[in-house]
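Here's the structure, in structure tokens; my notes come after.
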Amino acid sequence: MTGIEQPVRVRFAPSPTGRMHLASGRMALYNYLLARKTGGQFILRIEDTDQKRYVPTAEQELIDGMHWLGLQWDEGPDVGGPYGPYRQSERKAIYQEYARQLIESGHAYYCFCSPQRLEKLRQEQQQRKENPHYDGLCRTLDVQEAAERVARGEKHVIRFKTPKEGTTTVMDEIRGEITVENRLLDDYIIVKSDGLALYHLAAMVDDHLMKITHVLRGSEWLPTFPLHGLIIRAFGWEMPRFYHLSVFLKPSGKGKMSKRDAADAMKDGFSIYIKDLAELGYLPEAVVNWIALMGWSYDDQTEFFTMDDLIQKFSVDRFNPSPAAINFTKLDHFNGLHIRRLEREDLARRVKPFLVRAGYFVDDSLLLRIIPLIQERLSTLDEVVQFAGFFFEEEIHPLREDLIAKGLTAEQSADVAERCYQVLKGLPRLTVEEAEPPMRALVESLGLTAGQVFGILRVAVTGQKVSPPLFESMEIIGHDKVLKRIEKAIAILRGEETLKN
Ligand code: GLU
């Protein structure tokens, strides 16, 4: 079941007013999937008519974020297309023309009310405990007279003339029909005093002109959805199908996500911003998998999806209207799964920048040898630094307390390290096959546990208590370096290290 058989035309229509977060990523993804699934087109439209909230860096971040997620659009401001321009700030004249049509057909009117009057109105309504709304003063102005006032340059907005009686019914494909009483709807402004159209008009006009068949957007648009239905009908256009996607809950699961929650999440090494997730060591494949399931499911069990799986399995029948939880533990889980699937070269290419950023000089062939040792264990790419940084160090500096094995004193631990040194020194090479059997025999003969002996050796050679497999690591580090590191560990354990330096 695809839910939709015909090729769709869908759009992702972000407003460049801030950073690209999970909700925008999800919106872009769902639109992209639907287009790819049905062999349709995915359009990027920049809704930049709100000059006050415009953030100059936002558009680039959006574009980078979409590229990073692997969501390529077919039409958009940079790639063009037959229905451009794809930036709303370049379509001002188009909206004005359509606003004029609405005025002519009696569906909209010029309003000359001053901000002061509107403010006073708002206060009075508040006192009467009414919802703020326009009282319709200019609604009944003579059309001719209003047009003359506009021609004389009088400041004005354009409002939609919402019917005052009856009801309006619109269809949300996720929730079903929504009916409102028209008297509860406001005469919304559709063109501001600076001549720029507001979303209500601009998006409806664009969706029509760009031949959009399915609108997937946030559920914050549900309250004005009836207005959008009225505008589309006023023009006599066909309604696209509308899907209002669920909101996001903050990570604690209580309440809607706020800016403050976003900042808190960032402090814990998480982020709701797509760009940060890349820097925190998440794979785009994992982020796509994770956000795909925030508001959509394939069935009740399948959780692992590649982009290809999603394109194949995506269906609009399975959107979930309930608020979506942001579960970062789940993201770590998916990231691990997707890391395991990568080709060795691919994983090397992706972890390398993290090592470089940590200040290591990275030899590619060395890195390729390390990858099999860490691929099963990484949950984020940046972990490569703490987990495998020692491979790239000339010298390491293990802590004395880490070198002391459980149940042994420092001196006894030094003796164990010494015995390890002797055995390893006597070997021609440090391959796993050649080093492991004699070392296991040593454990036996010492009457200690493997945990104690290899624990000392691990800290001595890698500098850390948790590391990739010990013998494989020693093989890569190489004979000379391993012996030098053990020597140094013995000195540290015997308290000689500081004197020597
Ligand atoms: N520019 C609107 C927003 O960012 C788009 C809503 C829509 O997809 O229609 O919320």
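Residues whose amide H falls under 5 Å from that of residue 245, counting only those 5 or more places apart or on a different chain, are 217, 218, 219, with hydrogens built in the peptide plane.
The slack in the chain from residue 302 to residue 169, taken as 0.36 nm per residue of separation less the alpha-carbon distance, amounts to 44.3 nm.
Taking each of 425/484; 52/155; 330/352 in turn, the alpha-carbon distance tops 21 angstrom for 330/352.
Computed as a quarter of the hull surface, the mean projected area of the alpha carbon convex hull for the chain stands at 32.1 nm². Converting phi to 3J(HN,Hα) with the Karplus coefficients 6.51, -1.76 and 1.60 and the offset θ = phi - 60°, the stretch 358-366 yields 7, x, 8, 8, 9, 8, 4, 6, 5 Hz in sequence order, with x at every glycine or proline. With the convex hull constructed from alpha-carbon coordinates only, the stretch 44-93 shows a mean projected area of 3.7 nm² over all directions. Largest accessible area first, the listed residues 456, 178 line up as 178, 456 when surface is computed with a 1.4 Å probe on the assembled protein chains. In order along the stretch 16-30, the Karplus-derived 3J(HN,Hα) couplings, from 6.51 cos²θ - 1.76 cosθ + 1.60 at θ = phi - 60°, round to x, 10, x, 7, 7, 10, 4, 5, 5, x, 5, 4, 4, 4, 4 Hz, and Gly and Pro are given as x. Each principal axis of the Cα cloud of the stretch 139-203 was evaluated for its coordinate range; sorted largest first, these ranges are 47, 25, 14 Å. Modelled spin labels at residue 92 and residue 51, positioned 7 Å past Cα toward Cβ, are 0.7 nm from each other. Isolated cysteines of the chain, defined as having no other cysteine beta carbon under 4.7 Å away, are 113, 420.
Remark: accessible surface ordering of 75, 393, 165, 487 (largest first) is 165, 487, 393, 75, probe radius 1.4 Å. With the simple model of a label 7 Å out from the Cα in the direction of the Cβ, residue 179 to residue 152 spans 4.6 nm. Subtracting the Cα-Cα distance of residue 122 and residue 395 from their residue separation scaled by 0.36 nm leaves 91.2 nm.
Inter-part distance, the stretch 345-386 to the stretch 437-467, computed on C-alpha centroids, equals 25 Å. Here the Karplus relation 6.51 cos²θ - 1.76 cosθ + 1.60, evaluated at θ = phi - 60°, turns the backbone of the stretch 107-114 into coupling constants of 9, 8, 8, 6, 10, 10, 4, 7 Hz, with x for every Gly and Pro.
Extending 7 Å from Cα along the Cβ direction at residue 343 and again at residue 440 yields two label points whose distance is 3.5 nm. Please give the Cα centre distance for the stretch 135-166 versus the stretch 1-47, rounded to the nearest Å. Their Cα centres are 36 Å away from one another. Once the 1.4 Å probe is applied to the protein heavy atoms, the chain comes out at 48 Å² accessible per residue. Under a 5 Å amide H cut-off, with hydrogens placed 1.01 Å from N, residue 191 pairs with 158, 198 among residues at least 5 apart or on other chains. Proximity of backbone amide H atoms, modeled 1.01 Å from N, is registered between residue 430 and 479 at under 5 Å, excluding neighbours fewer than 5 places apart on the same chain.
Here the chain exposes an accessible surface that is 50 percent carbon and sulfur, computed with a 1.4 Å probe and the other protein chains kept in place. Rounded to the nearest 10 square angstrom, residue 158 shows an accessible area of 20 square angstrom against a 1.4 Å probe.
One quarter of the convex hull surface built on the alpha carbon atoms of the stretch 1-92 amounts to 6.3 nm², the projected area averaged over directions. Backbone N atoms of the stretch 1-33 closer than 12 Å to the 7 Å Cα→Cβ label point of residue 315 belong to residues 1-5.
The values are calculated or read from the model by the stated rules, or taken from the named source; none is laboratory data. Quick caveat, the model's predicted, so the values are computed rather than measured. All Cβ positions, even for glycine, are placed from backbone atoms using ideal geometry, and neighbour counts span all protein chains on display. The accessibility values were calculated without ligands, DNA or RNA, using every heavy atom of the protein model including side chains. Shrake-Rupley method; radii C 1.70, N 1.55, O 1.52, S 1.80 Å.
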